[in-house]
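Novice: This is the structure, below, for whatever I ask next.
The values are calculated or read from the model by the stated rules, or taken from the named source; none is laboratory data. Bear in mind that the values here come from a model prediction, so they are computed numbers and not experimental data. So basically every Cβ, Gly included, is an ideal-geometry build from the backbone, and we count neighbours across all protein chains shown.
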Amino acid sequence: MRDVKTTAGLWGISTTRVAKLCREGKVTGAVKDGKSWLIPEEAAKPADGRVKGVREAVSTNGERRLPLPIGISEYRLASTQYYYIDKTMLIKDFLDERPMVSLYTRPRRFGKTLNMDMLRTFFEKTGEDTSVYFEDKLIWDCGEEYRACQGKYPVIFVSFKDLKFNTWAETFQMLKAVIGNEFVRHRELETAENCSDLDRKYYREVAGGTVDAVALSGAFDVLSRMLCQHHGMEVIIIIDEYDIPIQQGHTHGFYDEVIDFMRNLFSGGLKDNRHLAYGFLTGILRVAKESIFSGLNNLVIHSVIDDKYSRYFGFTRDEVEKMAAYYHAEDKMNELVEWYDGYRFGDTEIFNPWSVINYFSIGCKPRAFWQATGSNEIISEVIAGADEEIYERLEKLLRGEKFTTLIDTGVIYPQIQKNPSTIYSFLLVAGYLKAENVDISQSGDFIGEVSLPNKEIKAVYNKEILQKLDGIVSQSSAVSIQEAVYANDVSRLQKSVEKLLLQSASSFDTAGEMFFHGLFLGICALFDDRYYLSSNRESGKGRLYIQLMPKDNSRPGILIELKSEKYMTDVQLEALAQSALDQINNREYDTEMKTRGVKTIFKYGVAFSGKNVKIVK
């Protein structure tokens, strides 16, 4: 019989891997001898089923291809059984600098959880030889100084990505469960002799879910101390999607409670913790201004504006091109760029990884996959509190234009109500905008041009805008107009636009001029990419209120002039509407359309007086 160490040398694997194979019954004849194992001389090394026998998917031409990792956030599984884009050089970049605590802010579904699980798998000291998950990756060829860090540290790993509740009581119960499960994962600490009786008692209370908010706020501090004492090595703390509970608190009215708890929780684990080796956090927003990380001078933040780590969250163009070649879809690159490219993280062009994977999975059919991955409450809140300037800028975005704005990557949730100018920073860090030509302003903030990144995000805007403007643009009118456009039904389109204007008139009495901005924003969302949309644009001999220029000249063009006066009779109102129509004709607002060869042009003169409306054509 051989011992574990001798067998490990003969088989070329670690002693922990041999012991695990014995525990799993994969070594024929192995027997337990006290705390160790004895292996028969003739025992053969078991086949490593973690890499071999991987799952396969059939491509359109019948060839076998690795399946796509839709919803897979476990690194071991993703890197061995699915098509995996190697992001392990993130580890090298980190180890070259070794900041004490790192925060990576990125939009949802851009690979944050998978990358954090990759870090956990690389660094965590376990009873398993986890080096096998990195031996064929880029990090392994970087040298012994990097390989020496593999499997070295005790790790605390928690993810708050599922803490989406409507009350603080529900949120706290789930926080107890998530943190308690991490305590249970380190069950060796319950009887660890190097830990104090008081800490072991605390361990049992957290693992059993019997602690209150004050006691639980010290969880990372106590758990890191116990792990360090037990293993003789400082601890790595990884907190994924740390700001999800904060966003829920903002939306559902328990913001102060969750901020107070998080401040104490993070302070205990990440601030002046002598048992901490490194800390990693991910989220959508950096919320340092809320003092969650108050006094945490060792925190390094990597936002969507920064160059460092810019290529590790999301897919680069080169990675997407290789993926397209693997799935024999090289001819789809233009469509992929149009729909899912357009993000810029630092100096790197980035594709939305979630949407690219789903695009390939359904046979390369473009859809707005990202809008179904979570709530779009930021857009909803923006529209709900929009003023004239915000409406105008949203109109520009939907028309494919860009504008220059200040960018604050440290923006916090309450600012969206107190300071509407921060909404573009929210939209940027949350993935709804891209930033170009970013520079530092005189005040020290960033300033740059923002625009919609791609067709997918425009579809998200359209959906959210229509939902929030339902009082102005009813769903029935929206569907009717869209169907008429898609069917190129000229008669139905004309009737539908008339119906839209008539139904919308009831909003005018209370909304005033803001109604017109909402109306135009709704029309922008309705017509999507089939029209060029403009408001107050010079054409002919003046400025027309609304112009919808068809991209395909087989479709009709639409010109709308709006006028309003108070206290008008029906006769006066009809005369005002006629004057609006006459203005379209007299000032030759159709000049641009005729120049571009548009054959059919609908012209509407619209007059409002309170809730009364007249339309002439």
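Novice: Residues of the stretch 79-108 being crowded, with 20+ Cβ neighbours inside 10 Å and among the basic types (Lys, Arg), which ones?
Specialist: LYS87, ARG106 - these are the residues of the stretch 79-108 that are crowded, with 20+ Cβ neighbours inside 10 Å and among the basic types (Lys, Arg).
Novice: Of the numbered conditions (1) touching a Cys at 6+ places or on another chain (Cβ under 8 Å); (2) modelled with pLDDT under 90, HIS275 satisfies every one except a single condition; which is it?
Specialist: It is condition (2) that HIS275 fails.
Novice: Scan the stretch 425-456 for residues that are at pLDDT 80 or above, out of contact with any helix residue (DSSP H, G or I) (no Cβ under 8 Å at 6 or more places or on another chain) and hydroxyl-bearing (Ser, Thr, Tyr) and jot them down.
Specialist: Answer for the stretch 425-456, where residues must be at pLDDT 80 or above, out of contact with any helix residue (DSSP H, G or I) (no Cβ under 8 Å at 6 or more places or on another chain) and hydroxyl-bearing (Ser, Thr, Tyr): just SER425.
Novice: Right, here's the next one. Looking at LEU223, LEU163, which is the one that is assigned to a helix (DSSP H, G or I) and either crowded, with 18+ Cβ neighbours inside 10 Å or at pLDDT 95 or above (or both)?
Specialist: LEU223
Novice: Given the options GLU124, GLU74, GLU128, GLU97, name the one that is touching a helix residue (DSSP H, G or I) at 6+ places or on another chain (Cβ under 8 Å), of a type in the set (D, E, K, R) and within 24 Å of LEU296 (Cβ to Cβ).
Specialist: Unique residue meeting the criteria: GLU124.
Novice: Something else about it: How do the pairs read when you match residues in the stretch 232-243 that are over 19 Å from ILE284 (Cα atoms) and in contact (Cβ under 8 Å) with a residue 40 or more places away in the chain with residues anywhere that are assigned to a strand (DSSP E or B) and of a type in the set (Phe, Trp, Tyr), using Cβ under 6 Å and keeping only pairs 6 or more apart or on different chains?
Specialist: These pairs meet every condition: MET233/TYR153; ILE236/TYR153; ILE236/TYR278.
Novice: Would a scan of the stretch 154-164 turn up a residue that is in the same structural domain as LEU114 (by TED's automatic domain parsing) and over 29 Å from ARG109 (Cβ atoms)?
Specialist: Yes, the stretch 154-164 contains at least one residue that is in the same structural domain as LEU114 (by TED's automatic domain parsing) and over 29 Å from ARG109 (Cβ atoms).
Novice: Restricting attention to the stretch 309-366, report how many residues are in a loop (DSSP other than H, G, I, E, B), more than 17 Å from ARG65 (Cβ to Cβ) and not small (Gly, Ala, Ser).
Specialist: Residues in the stretch 309-366 being in a loop (DSSP other than H, G, I, E, B), more than 17 Å from ARG65 (Cβ to Cβ) and not small (Gly, Ala, Ser): 9 in total.
Novice: Take the residues of the stretch 367-390 that are assigned to a helix (DSSP H, G or I) and at pLDDT 75 or above: which is farthest from GLU335 (Cα to Cα)?
Specialist: GLU389
Novice: Please go through the stretch 177-220 and pick out each residue that is more than 26 Å from GLU257 (Cβ to Cβ) and assigned to a loop (DSSP other than H, G, I, E, B).
Specialist: HIS186, ALA192, GLU193, ASN194, CYS195, SER196
Novice: If you don't mind, another one. What pairs can you find where one residue is in the stretch 274-286 and in a strand (DSSP E or B), the other is among the small types (Gly, Ala, Ser), and their Cβ atoms are less than 8 Å apart, with a gap of 6+ or different chains?
Specialist: LEU276/SER224; LEU276/GLY269; TYR278/SER102; GLY279/SER102; GLY279/GLY269; PHE280/SER102; LEU281/SER102
Novice: Say whether the condition of being buried (at least 18 other Cβ atoms within 10 Å of the Cβ) and at pLDDT below 80 is met by at least one residue in the stretch 574-589.
Specialist: no
Novice: Taking the condition within 17 Å of ILE236 (Cβ to Cβ), in contact (Cβ under 8 Å) with a residue 40 or more places away in the chain and either small (Gly, Ala, Ser) or in contact with an Asp or Glu (Cβ under 9 Å, 6 or more places away or on another chain) (or both), does TYR153 pass?
Specialist: Judged against the criteria, TYR153 is a match.
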